[in-house]
Amino acid sequence: MLRNVVDEGPGVHREELLREAARFFGWARLGADIRDALTADIDALTAAGDLIESEGGLIPAEGS
């Protein structure tokens, strides 16, 4: 789901991506546990080379 949001709107920043994930799941707010889990997912996608993070936000990696 996170990768799909970045695919649709490259350049999204982490906070925007977290808010979009909350909206997707129907959550009014992000608790610490959910924020930590989603942040870990973003970190994993970045570490795996699926996403690239820059000053301009998150973008999909070429060829992913």
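The values are calculated or read from the model by the stated rules, or taken from the named source; none is laboratory data. These figures come from a predicted structure and were not determined experimentally. Backbone-built Cβ (ideal geometry, glycine too); neighbour counts: all protein chains shown.
Data for the structure
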item	result
Subset tally (residues that are out of contact with any Pro (no Cβ under 6 Å at 6 or more places or on another chain) and either crowded, with 16+ Cβ neighbours inside 10 Å or part of a loop (DSSP other than H, G, I, E, B) (or both)) for the stretch 42-62	14
Among residues of the stretch 6-48, those that are farther than 17 Å from Ile59 by Cα, small (Gly, Ala, Ser) and touching a Leu at 6+ places or on another chain (Cβ under 7 Å), counted	1
Boolean, Ala22 is over 8 Å from the mean Cα position of the chain (by Cα) and modelled with pLDDT of 95 or more	no
The stretch 23-33, residues that are surrounded by 10 or more Cβ atoms within 10 Å (Cβ to Cβ) and more than 18 Å from Asn4 (Cβ to Cβ)	Leu30, Gly31
